[in-house]
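Here the structure is laid out as structure tokens; the discussion comes afterwards.
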Amino acid sequence: MDLNIVEIILITSLVNSLFLLILVFISKAKRNNISITLTLFIFLTSLNFVSWIIVPYLSFNYYWFCLDRFPVVFFLGPLVREFSCLISQDNYNRRKFLSSKSLFAGYFDVALTGLVWIYICFINPEDKFEILFDVFTLHIYETLAVLYNGFFIFQAIKIFNKAASKSPKLKHVFLTIVVIFFLWISTFLADLSVYPSQVPDSTFYPLWLLMFYLNLYLAYNFLLSPTRFTSPLSSSTQKDSEKDEDLAQRLKTLMESSKFFRDPKITLASLSSKLEVSSGRITFILRKHFKMNYYDFINKYRVMDVMERFRAGDSGKFTIKTIADESGFRSKTTFVKAFKKETNMLPKEYISSINTKKFN
């Protein structure tokens, strides 16, 4: 395999990113959600660019290698959005990211690629080159990938722009990731512009070298730097802390005075809109000042409202379900679960305890 200097550099970038990936996963000091997401993005983008060099060589020289690309591109956009959510403190479904719907296209791409491999290897090996190097199909695939990833990149930019505070360090990381994504789009558009012919690989050398530099920049300025990633919100100054206290008080007042929790259609988005701050900001305040997530916070106020009505004797005038509905609960199951979590009793047990105290 004859390689020029640019191709050697790109392969070096892939090896470097694999080393970083292993390092982050085995090092407790560096293993956190932000570092893992960033390292995966670096590794997969490196693997995607190296596909242009390694895949054609292996496909021509080894009969068992039946790939026209490494199936990684449908993971890139969701990873960028995940990174944006993490640094913006928008912690929705953080623990469930690997099973989220946003990664379904990536998993499907991997499964489909595996099926194509099996078909070519064991069923129809004669059509290997016709199937693997069908330029039209490849362009359709890349078009879908660009549109899919573009959707998530657009979401990532919106989430990042709404963040209440951004440290210069994380801002530079995010902007670098967005630049890498647009470099990938540039290679796709350049290749598409001369269809059905193909652009020589040498045309992409400047972009690939820039890609290599950006990956090194991310790796050695952020992943391996002595200063670990820190949340721009958690390292706030005294002035920021005062703003946090004020927002926490506004949130509490909104619940206690306005009874905002009684609206069954209330969402994190509507609450943040009411207070004119980002959803990520609300999530951070709830975790920092109230030690709970959004759903527990709202349900706690709803349960307290139900308990107050039980003590006032409303359980003798209305059904338990009616009282729960008027306090904002949309489901009996959710209400019973939330009530037991707050009181360690079922609603009927709580009503009985109130009646017992009255008679005693």
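We did not get these values from a lab; they are worked out from the coordinates using the rules stated. What you see is a predicted model, and the numbers here were worked out from it, not measured in a lab. Cβ placement follows ideal geometry from the backbone for every residue including glycine, while neighbour counts extend to all protein chains displayed.
Ordering of 15-25, 281-291, 340-350 by packing is 281-291, 15-25, 340-350, highest average first (other Cβ atoms within 10 Å, averaged per residue). For the range 295-304, 3J(HN,Hα) computed residue by residue from phi via the Karplus equation (6.51, -1.76, 1.60; θ = phi - 60°) reads 5, 5, 5, 5, 5, 4, 5, 5, 5, 4 Hz, glycine and proline entered as x. Applied to the range 310-319, the Karplus parametrisation 6.51 cos²θ - 1.76 cosθ + 1.60 on θ = phi - 60° returns per-residue 3J(HN,Hα) values of 4, 5, 7, x, 5, 5, x, 9, 10, 6 Hz, with x for Gly and Pro.
Couplings for the range 107-119, taken from phi via the Karplus curve 6.51 cos²θ - 1.76 cosθ + 1.60 with θ = phi - 60°, read 5, 5, 4, 4, 5, 5, 4, x, 5, 4, 4, 4, 4 Hz in order; Gly and Pro are left as x.
For the residue pairs LYS252/LYS288; LYS288/LYS337; LYS162/LYS274; LYS300/LYS340; LYS252/LYS332; LYS274/LYS332, the C-alpha atoms sit more than 18 angstrom apart in LYS288/LYS337; LYS252/LYS332; LYS274/LYS332.
When the C-alpha to C-alpha distance is required to be over 25 Å, the pairs from LYS101/LYS341; LYS291/LYS321; LYS101/LYS259; LYS259/LYS341 that qualify are LYS101/LYS341; LYS291/LYS321; LYS101/LYS259.
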